[in-house]
Structures are given as structure tokens and as C-alpha cells.
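Note sheet for the following structure.
What follows is calculated from the coordinates using simple rules that are stated; it is not laboratory data. Note that this is a predicted model, so its numbers are computed, not measured. Cβ sites come from the backbone with ideal geometry, for glycine too, and all protein chains shown count toward neighbours.
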Amino acid sequence: QLGHGDTKRLEAPKLIEGLADQVIVSAACGRNHTMALTGRRISYNGQPLVKVACGAEFSMVVDCKGNLYSFGCPEYGQLGKNHHIYQPLHLYV
């Protein structure tokens with residue numbers, strides 16, 4: 001979860017070398033994962049993302065038009081579709 005490629009506990013902040021050349025706009029952490037929002041595009045064809053959030057085993061992102069996207073584990077309906085199928089969901093805010 002810390003992004004350093006190991007499982008060592010850290011008592012003080014440490015630069016994440018893999019992201020050192022990126023401008024980080026926002027970051028969020030969940031129970032088992034962490035997300036960082038950078039200026040680099042990922043395999044996503046929508047509007048630019050402006051905010052990220054993490055739950056225990058799911059994540060949500062907001063684009064510049066205010067659209068909310070969810071992905072991850074839908075075990076308890078956290079993705080907003082009230083079913084248990086693993087698939088991305090596009091919600092309009």
C-alpha cells in the first residue's frame with residue numbers, strides 16, 4: 001500500500017520513487033490499496049479526472065464535468081448499482 005515495492009513498516013514519510021517524476025494532484029487510500037491522481041493519462045477514454053476516493057475494496061473518481069465513476073468490489077452494493085457483478089459503473093451527479 002505504501003508504493004515502495006516492499007512490506008516494510010515506515011515510521012516517517014518517504015518519497016515514492018516510482019512517482020517522483022509526476023505531479024500529484026490528489027491521493028486517497030483504502031484498506032488494501034492507494035490511488036494517486038497525476039497529470040498522466042491512464043487507460044481511460046473519458047474527461048480528465050479531478051478527484052479520487054477509496055473505500056475498503058472499491059474506488060471512485062470524479063471527472064471535470066462532475067461525472068462519478070466507481071470500480072472494484074461490489075459485495076455490499078458500494079458501486080451504486082445494487083448488485084454483486086464486478087464491472088465499472090458510470091453515474092451522473
- Query: So for the pair E57, I24, with labels modelled 7 Å out along Cα→Cβ, what separation do we get in nm?
  - Reply: 2.6
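Place the peptides 21-27, 62-68, 49-55 in order of packing, highest mean first, counting for every residue the other Cβ atoms within 10 Å and averaging per peptide.
Working: 21-27: 12.1, 62-68: 14.1, 49-55: 16.7.
Peptide ranking by packing, descending: 49-55, 62-68, 21-27.
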- Two pseudo-spin positions, 7 Å from Cα along C-beta at Q47 and at H33, lie apart in nanometres by 2.3
- Query: Quick one: if you stick a label point 7 Å off each Cα along the C-beta vector at F71 and A12, how many nm between them?
  - Reply: 3.6
